[in-house]
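Peer 1: Please read through the structure below; I'll follow up with questions.
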Amino acid sequence: MATTEVERRRGQLAALSIAAVVIIVGVPLWWRTTETYRAWLPVSQIQELAKLQLQLSADVEVVFARGTVTPEQQKKVPLTQTQDQEHTVDENTALRYRYETRYRTATIMEEDALNQATAAEADQSMNMLSESPCGSLVVYVIPESSSLLPKDVDVYIGQRRTALLRIGAQMRVGRTLEQLLAHLEPRLKQVLQLMSFSHTDITAALSNRVRLSPGSKESNADNMRAFKSSPGYEITFSLLNPDPKYHRLHWDIEGAVQTYIQPLLTKLAPVANFSIDSQTLYYAMLGVNPRFDSSRLAYTLNADSLAHVINPVEARLGSNAASSNPVLNFLLYVPDAHHSPLYIQDHRKQEVPSNAFHSPRWGGIMVYNVNDLYGSEAAFPVDISINMAKVMGVFLAQLRLLLGVQSSPPPPGFLVAPCSSTGLADWELDRLMWSRSVENIATATTTITSLAQLLDQIGNIVINDNIAQQVSSAVTSLQLAVAELEAGNLGFALQYSKEAILASERAFFDPSLLHLLYFPDDQKFAIYIPLFLPMCVPILLSLLKIVSEARQKRREKQAKKD
């Protein structure tokens, strides 16, 4: 009897020991070794960025030339005014535009510059005196008697960040300074809308974040035409020779790029990086057969058929698999002798002057006719040297449109200086930088917020230290970009916004975040039950037996006492 009691006691102690080891050591060890590692993320800061409130600040300097203000008015300058405009885009996005305008009189050197023969020379002289910082504007108010502007022009927009504004003589006499400024305000607003950011451009840049209300066809076309903001772009120039037995084509693409394209890309360096390549494709045909117009003795492509031209040609272009940057394609098509001349027609059946068209967010195609360069008795193949100045003029205009450099018509009474050798005015660059900064911030906040929501909903995704670092870097860059926009430092704001979008996309598309790399809960149970059930059942039964015997003994003791 004693031996049986000892064995029973030993079995109970063994069961309790095994259960204690499993509960105290085994379960914590299993939990620790199988838990999902999730590094810390700045969730509170990401939630703050989800409610985006952007403030865009622009510095405007209005300079009164001699003869535009009376001595009494001159005593009240320099003067500084601040104007705020607030716009609510949706419940999570708000915009504020702040214009800090400083009024002063012209210096002696500026007066000398304004005495130049033409407005272009005055603009160049002003730039030599002092260069305005990125994102700012200087408006020179000149008297009505000034010969810088033609009679029907009130405002001249220069190549830099300066403008000339003519004021009538009747506004100066018998008027207070406040009345004079109130008279100038409508024209100043028009200058700001043209040379700086506009609400339409900024809301269009938020398209990745908010759903925009349908606007006019022109504004929708402008928004859909340009490529989305990207850290880099690939530009490809292709020469299409459908039948080499007729034409032996020669094009100095390298020299043309250096002369016409590279100055523009150099000026756009703060916005993105660009790489350029070229190729010549033989036997590359258009996907549409042109129609012969007997009245013009020429072949034509109407506007409805242009959409079908790209797909067959695009299959021959190839792609750069080593880069994920968007590709801008520019194709120069030289029709063969049997389909020359070939002209592109618009929707009104009129010939397009440039004989070219562009496709939104893809590129442009130009048809280059060479039939008038040789006679009907010429021996084929004919050597043809392509006029690259004519070709690059068209491609440069298309490149500006595809990169988002808007060329909206100026208001009545405005004269805009033609493009310089760089193909881009300083204020056009600023206008693009404002839009790209806001677009980058909107895209990065959407990406990082979506990532935080994804990681919160799926708890078994590993968040390694690299992802946490990229998320923290994106949040920090976003905060700095928003702060620099508020301070009016456009260059720094664009740089920080580019860093934010790069870090956010690296974190979002990290391969370790793929949910397919991890077992769902039902598969985990299917694996763990066959492993733990055979071990846990004897332990649980032993524990239940020990508890049952303890209760039995307690009842027996209670019965003896009674």
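The values are calculated or read from the model by the stated rules, or taken from the named source; none is laboratory data. On a predicted model such as this, the values are computed, not experimentally measured, just so you know. Glycine also receives a Cβ, built like all others from the backbone with ideal geometry; neighbour counts cover every protein chain displayed. Remember, those area values only see protein heavy atoms, side chains included, never the ligands or the DNA or RNA. Shrake-Rupley method; radii C 1.70, N 1.55, O 1.52, S 1.80 Å.
Peer 1: Would you kindly find the accessible area of L268, with a 1.4 Å probe and non-protein molecules such as ligands, DNA and RNA excluded, rounding to the nearest 10 Å²?
Peer 2: Number for this one is 0 Å².
Peer 1: Tell me, what HN-Hα J-couplings in whole Hz come from the Karplus equation 6.51 cos²θ - 1.76 cosθ + 1.60 at θ = phi - 60° for each residue of the stretch 480-486, using x for Gly and Pro?
Peer 2: Running phi through 6.51 cos²θ - 1.76 cosθ + 1.60 with θ = phi - 60° gives 5, 5, 5, 5, 5, 4, 5 Hz.
Peer 1: Taking H as built 1.01 Å from N, whose amide H comes closer than 5 Å to the amide H of V89, not counting residues under 5 places away?
Peer 2: Here the answer is A94, L95, since their amide H atoms fall under 5 Å of that of V89.
Peer 1: Something else: For the chain, what is the accessible area per residue in Å² when the probe is 1.4 Å?
Peer 2: Value for the chain: 54 Å² per residue.
Peer 1: Considering only DSSP beta bridges whose two residues both sit in the chain, what percent are antiparallel, to the nearest 5?
Peer 2: About 30 percent, rounded to the nearest 5.
Peer 1: While we're here: Expressed as a whole number of Å, what is the distance separating the alpha-carbon centroids of the stretch 238-271 and the stretch 86-121?
Peer 2: 38 Å
Peer 1: Given H placed 1.01 Å from N in the peptide plane, which residues other than close sequence neighbours of V327 have an amide H under 5 Å from its amide H?
Peer 2: Sorted by chain and number, the residues that satisfy this are E234.
Peer 1: Tally Lys/Arg at +1 and Asp/Glu at -1 over every other residue whose Cβ is under 14 Å from the Cβ of I501; what's the total?
Peer 2: On the way: positive: R209, K228, R436, K498, R506; negative: E439, E499, E505.
Summing Lys and Arg as +1 and Asp and Glu as -1 gives +2.
Peer 1: For the stretch 526-543, in order, what is each residue's ³J(HN,Hα) by Karplus, 6.51 cos²θ - 1.76 cosθ + 1.60 with θ = phi - 60°, in whole Hz (x at glycine and Pro)?
Peer 2: Once rounded to whole Hz, the list reads 5, 8, 6, 4, x, 7, 9, 4, x, 7, 7, 4, x, 5, 5, 5, 5, 5.
Peer 1: Rounded to the nearest percent, how much of the accessible area of the stretch 246-328 (1.4 Å probe, protein heavy atoms only) is carbon and sulfur?
Peer 2: Carbon-and-sulfur percentage of accessible area, whole number: 48.
Peer 1: How much of the pair distance distribution for the stretch 418-470 lies past 16 Å, counting alpha-carbon pairs only, in percent?
Peer 2: 62 percent
Peer 1: Another question, then. What is the percent carbon and sulfur in the accessible area of the stretch 1-130, measuring with a 1.4 Å probe over the protein chains and ignoring ligands?
Peer 2: 56 percent
Peer 1: On to the next question. Considering amide H positions built from the backbone, and no H for Pro or chain starts, which residues 5 or more places from S278, or on another chain, come under 5 Å of its amide H?
Peer 2: The list, which skips near neighbours in sequence, is F237.
Peer 1: Give me the Kirkwood hydrodynamic radius of the stretch 1-75 in Å, from all C-alpha pairs, to one decimal place?
Peer 2: For the stretch 1-75, inverting the mean 1/r across all distinct Cα pairs yields 21.5 Å.
Peer 1: Whenever you get a sec, compute what percent of the accessible area on the stretch 363-505 sits on carbon and sulfur atoms (1.4 Å probe). Let's see the in-between values first.
Peer 2: Values: 2890 of 5400 Å².
Carbon and sulfur: 54 percent of the exposed surface of the stretch 363-505.
Peer 1: Quick one: work out the % antiparallel among DSSP beta bridges in the stretch 119-213, nearest 5. Write out the running numbers ahead of the final one.
Peer 2: Numbers: 3 of 9 bridges.
Rounded to the nearest five, the antiparallel share is 35 percent.
Peer 1: Under Stokes-Einstein, with the Kirkwood radius over Cα pairs standing in for Rh, what whole-number D in µm²/s applies to the stretch 67-208 at 25 °C and 0.890 mPa s?
Peer 2: My calculation gives 146 µm²/s for D.
Peer 1: Taking one equal scatterer on every alpha-carbon of the stretch 300-374, how large is log10 of I(q)/I(0) by Debye at q = 0.13, 0.19, 0.23, 0.25 1/Å?
Peer 2: Calculated log10 I(q)/I(0) at the listed q: -0.45, -0.86, -1.13, -1.27.
Peer 1: From the phi angles alone, apply the Karplus equation (6.51, -1.76, 1.60; θ = phi - 60°) to the stretch 143-160 and give each ³J(HN,Hα) in whole Hz, x where the residue is Gly or Pro.
Peer 2: For the stretch 143-160, the Karplus curve yields x, 5, 6, 5, 8, 5, 10, x, 5, 8, 10, 9, 9, 10, 9, x, 7, 9 Hz.
Peer 1: Tally Lys/Arg at +1 and Asp/Glu at -1 over every other residue whose Cβ is under 10 Å from the Cβ of Y97; what's the total?
Peer 2: 0
Peer 1: Compute from the Cα atoms of the chain the Rg and the Dmax, the latter being the longest Cα-Cα distance, and quote both in angstrom.
Peer 2: For the chain, the Cα radius of gyration and maximum Cα-Cα distance read 36.1, 134 Å.
Peer 1: Across bins of 5 angstrom width beginning at 0, how are the C-alpha pair distances of the stretch 269-397 distributed, in whole percent?
Peer 2: With 5 Å bins starting at 0, P(r) equals 2, 8, 18, 22, 20, 14, 8, 5, 2, 1, 0.
Peer 1: Work through the residues other than S450 whose Cβ is under 13 Å from its Cβ and net out their charges, Lys, Arg +1 and Asp, Glu -1.
Peer 2: Net charge in that neighbourhood comes out at -1.
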